[in-house]
Amino acid sequence: MPPHDLPDLFSYDAVLFDLDGVLTPTAEVHMHAWQTMFEELFAAWDITPAYTERDYFDHLDGKKRYDGVAALLRSRDIEVPWGDPSDPPSSDTVCGIGNRKNAVFERVLRADGIAPYPGSLRLLDQLVEKRMPVAVVSSSKNAEEVLAAAGIRDRFEVVMDGVIAERDHLASKPAPDVFVEAARMLGVDPARSAAVEDALSGVRSAAAGGFALVVGVDRGVGADDLRAAGAHVVVTDLEEFVA
Ligand SMILES: [Mg+2]
């Protein structure tokens with residue numbers, strides 16, 4: 001049984017997991033991909049000063065891909081046309097450069113793979129073993145690739161990601177739509193299900209969706225903020241739920 005005051009995850013009808021930061025440390029791959037892409041671009045265009053890790057936190061972290069590209073280039077006094085999201089990765093537009101980063105991300109993911117958080121993997125395996133319905137609810141358009149690279153795609157009967165959300169015109173987190181729709185696809189009632197999130201927008205989404213239990217995983221956001229956003233319990237690792 002889970003220790004003391006933690007609710008028993010196995011008593012719910014289903015568990016819906018966010019992906020990045022909950023099941024996989026995806027941020028590290030994104031950081032690596034941004035760095036690789038901008039180092040190549042800076043070298044090709046003779047841009048100085050060189051790209052550093054600080055640039056990631058100052059200009060890229062938490063921003064939409066294209067907004068991040070524009071912000072970073074602006075910090076080096078470089079302006080290129082915005083272009084269009086359909087631009088190929090080879091085009092020197094904000095969108096093209098953003099798409100180039102995504103191509104590098106997929107390359108890094110395929111080359112290096114990504115290891116799930118060990119505690120998350122142990123919990124997931126126990127849930128699957130007990131035939132608990134589980135889903136992924138991610139805003140990412142790379143969710144399928146990340147799940148495949150992590151070797152856990154086959155555990156999930158439902159994967160709600162940025163591709164499906166866009167196709168079906170679902171409002172993104174913090175709106176409840178993606179969590180509620182994933183529960184519907186699983187055939188479960190949010191009021192009898194649990195949701196697991198590491199981001200404030202994700203916790204707000206699950207709370208607004210009426211989930212019986214919203215678990216906040218504190219990977220740095222802070223337990224108080226996660227609780228204020230609607231998390232019923234906060235853990236630092238999903239290992240704490242392993243039976
Ligand atoms: Mg997340």
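The values are calculated or read from the model by the stated rules, or taken from the named source; none is laboratory data. This structure is a prediction, so every number in the text was calculated from the model and none was measured. Reconstructed Cβ throughout: ideal geometry from the backbone, glycine too, with neighbour counts over all protein chains shown.
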The number of residues in the stretch 9-22 that are touching a residue at least 24 places away in the same chain (Cβ under 8 Å) and either within 9 Å of the ligand (Cβ to nearest atom) or more than 13 Å from A195 (Cβ to Cβ) (or both) is 6
Would you mind stating whether R131 is farther than 29 Å from K64 by Cα, surrounded by fewer than 17 Cβ atoms within 10 Å (Cβ to Cβ) and either out of contact with any Pro (no Cβ under 9 Å at 6 or more places or on another chain) or of a type in the set (S, T, N, Q) (or both)?
-> yes
Note on the stretch 8-46: residues among the β-branched types (V, I, T) and closer than 26 Å to P190 by Cα are V15, V22, T24
So is V178 assigned to a helix (DSSP H, G or I) and either in contact with a Leu (Cβ under 8 Å, 6 or more places away or on another chain) or within 23 Å of L226 (Cβ to Cβ) (or both) or not?
-> yes
Any idea how many residues of the stretch 227-236 are out of contact with any Asp or Glu (no Cβ under 6 Å at 6 or more places or on another chain) and closer than 21 Å to G119 by Cβ?
-> 5
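Return yes or no: is V29 of a type in the set (A, V, I, L, M, F, W, C) and within 16 Å of the ligand (Cβ to nearest atom)?
So V29 fits the description; yes.
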Select from the stretch 7-28 the residues that are acidic (D, E), under 16 Å from the mean Cα position of the chain (by Cα) and surrounded by 16 or more Cβ atoms within 10 Å (Cβ to Cβ) and write down the one among them that is nearest to V108 (Cα to Cα).
-> D20
Looking at (1) within 24 Å of S172 (Cβ to Cβ); (2) in the same structural domain as R184 (by TED's automatic domain parsing); (3) within 18 Å of the chain's Cα centre (by Cα), which is the one condition that is false for G119?
-> (1)
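Residues checked against (1) out of contact with any Gly (no Cβ under 8 Å at 6 or more places or on another chain); (2) buried (at least 22 other Cβ atoms within 10 Å of the Cβ):
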{"site": "D154", "(1), (2)": "yes, no"}
{"site": "V188", "(1), (2)": "yes, no"}
{"site": "R204", "(1), (2)": "no, no"}
{"site": "V215", "(1), (2)": "yes, yes"}
{"site": "R219", "(1), (2)": "no, no"}
{"site": "V233", "(1), (2)": "no, no"}
Being surrounded by 21 or more Cβ atoms within 10 Å (Cβ to Cβ), more than 11 Å from R204 (Cβ to Cβ) and under 16 Å from the mean Cα position of the chain (by Cα) is the filter here, so list the residues in the stretch 171-186 that pass it.
-> V178, A182
